[in-house]
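Student: Take a look at this one; I'll ask things after.
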Amino acid sequence: MAKEGVSIPVPLFESCRGRYFVGQSELLNFGNGKHAWCGLFNPCNSDMKLHVNVFTITNLSPNDFLAQIWFNPALQDRGAVSNLVTPANRAKCPRPRPEVDLLFADNVSGFPVGGINAFDRVVPSKTTIAQDEDGKYIIPEGESFTIFLVGRDDSSLQARVAFGWWEAMC
């Protein structure tokens, strides 16, 4: 007799386990020489590896801007912890809490220092771009995955950044 099997996507498997999370920044204001950022920060001693599954950048402005994707940059502003984070599996009780912090900052002077600017994306006006990464960006303890929004000198901009990720034991 043949064995039957079922194949499910890894993000669904992690969500069933209560280890998949989604969250977004508050509304980010920047431009006129200022910038903004939002990122996932895996604290030291979290005993977790962060798997970035998806990110979106929503441009609510009439002008386009550049989004830089960074691994482990040093940022001038410490940022604020987003309250807009939840486990994707709302049926789990008690509800799991992420080890990873989703931080954001707006109206920031200066650019990231150190780290790796892995790639850039242009975010057109009044558009949301989404990038599905399938968890292939794996961020160890004490490191981060950050999206830095480059402000234009000639206009005010507004955006939101959102992430979907799972956390797995080291």
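Student: What number of residues within region 92-131 are small (Gly, Ala, Ser), in contact with a His (Cβ under 9 Å, 6 or more places away or on another chain) and open to solvent by 50 Å² or more (accessible area, probe 1.4 Å)?
Tutor: Here the count works out to 1.
Student: Follow-up question, since we're still on this one. Criterion first (assigned to a strand (DSSP E or B), touching an Asp or Glu at 6+ places or on another chain (Cβ under 8 Å) and either acidic (Asp, Glu) or open to solvent by less than 50 Å² (accessible area, probe 1.4 Å) (or both)) does Trp166 satisfy it?
Tutor: yes
Here's the yes/no breakdown for (1) under 30 Å from Met169 (Cα atoms); (2) among the aliphatic types (A, V, I, L, M); (3) not in a loop (DSSP other than H, G, I, E, B):
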residue	(1), (2), (3)
Phe21	yes, no, yes
Asn29	no, no, yes
Leu40	yes, yes, yes
Phe55	yes, no, yes
Ile69	yes, yes, yes
Thr86	yes, no, yes
Phe111	no, no, no
Ala130	yes, yes, yes
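Student: I've got another one for you. Any residue that is of a type in the set (Asp, Glu) and at pLDDT 95 or above - is there at least one of those in region 68-77?
Tutor: Within region 68-77, none of the residues are of a type in the set (Asp, Glu) and at pLDDT 95 or above.
Student: Quick one: which of Asn63, Asn89 is under 19 Å from Arg121 (Cβ atoms), of a type outside the set (D, E, K, R) and touching a residue at least 40 places away in the same chain (Cβ under 8 Å)? Step through it out loud before you land on a result.
Tutor: Numbers: Asn89 fails: under 19 Å from Arg121 (Cβ atoms).
Residue meeting the stated conditions: Asn63.
Student: Another one. Is it fair to say Ala159 is exposed (fewer than 12 other Cβ atoms within 10 Å of the Cβ) and either within 16 Å of the chain's Cα centre (by Cα) or within 13 Å of Arg19 (Cα to Cα) (or both)?
Tutor: Working: exposed (fewer than 12 other Cβ atoms within 10 Å of the Cβ): no; either within 16 Å of the chain's Cα centre (by Cα) or within 13 Å of Arg19 (Cα to Cα) (or both): yes.
Against the criterion (exposed (fewer than 12 other Cβ atoms within 10 Å of the Cβ) and either within 16 Å of the chain's Cα centre (by Cα) or within 13 Å of Arg19 (Cα to Cα) (or both)), Ala159 does not qualify.
Student: Scan region 87-102 and give yes if some residue there is over 28 Å from Leu12 (Cβ atoms) and modelled with pLDDT of 95 or more, otherwise no.
Tutor: no
Student: Right, next: How many residues does region 46-84 contain that are crowded, with 19+ Cβ neighbours inside 10 Å, out of contact with any Cys (no Cβ under 9 Å at 6 or more places or on another chain) and under 19 Å from Ser109 (Cα atoms)?
Tutor: 7
Student: Applying the selection to region 141-161, what residues are of a type outside the set (Val, Ile, Thr) and closer than 11 Å to Val52 by Cα? Please lay out each step first, then the result.
Tutor: Step one: filter region 141-161 for residues of a type outside the set (Val, Ile, Thr), giving 141-145, 148-149, 151-160.
Listed by number, the residues that qualify are Ser144, Phe145.
Student: Got a sec? Which of Phe13, Phe55 is among the aromatic types (Phe, Trp, Tyr), at pLDDT below 95 and under 19 Å from Ile138 (Cα atoms)?
Tutor: Phe13
Student: Take Cys38 and tell me if it is open to solvent by less than 80 Å² (accessible area, probe 1.4 Å) and over 18 Å from Lys126 (Cα atoms). Give the derivation first.
Tutor: Working: open to solvent by less than 80 Å² (accessible area, probe 1.4 Å): yes; over 18 Å from Lys126 (Cα atoms): yes.
Yes, satisfied.
Student: Considering region 88-109 alone, what residues qualify as being part of a loop (DSSP other than H, G, I, E, B) and in contact with a Phe, Trp or Tyr (Cβ under 6 Å, 6 or more places away or on another chain)?
Tutor: Residues satisfying the conditions are Ala88, Pro98.
Student: Let me ask something else. From the list Gly135, Gly151, which one is of a type in the set (Gly, Ala, Ser), in contact with a His (Cβ under 6 Å, 6 or more places away or on another chain) and closer than 29 Å to Ser15 by Cβ?
Tutor: Of Gly135, Gly151, the one residue that is of a type in the set (Gly, Ala, Ser), in contact with a His (Cβ under 6 Å, 6 or more places away or on another chain) and closer than 29 Å to Ser15 by Cβ is Gly135.
Student: Could you go through region 140-152 and let me know if any residue there is exposed (fewer than 12 other Cβ atoms within 10 Å of the Cβ) and out of contact with any Phe, Trp or Tyr (no Cβ under 6 Å at 6 or more places or on another chain).
Tutor: No, because not a single residue in region 140-152 is exposed (fewer than 12 other Cβ atoms within 10 Å of the Cβ) and out of contact with any Phe, Trp or Tyr (no Cβ under 6 Å at 6 or more places or on another chain).
The values are calculated or read from the model by the stated rules, or taken from the named source; none is laboratory data. Bear in mind the structure is a predicted one, so any value in this text is a computation, not a measurement. Reconstructed Cβ throughout: ideal geometry from the backbone, glycine too, with neighbour counts over all protein chains shown. Calculation scope for accessible area: heavy atoms of the full protein, side chains included, ligands and nucleic acids excluded. Shrake-Rupley method; radii C 1.70, N 1.55, O 1.52, S 1.80 Å.
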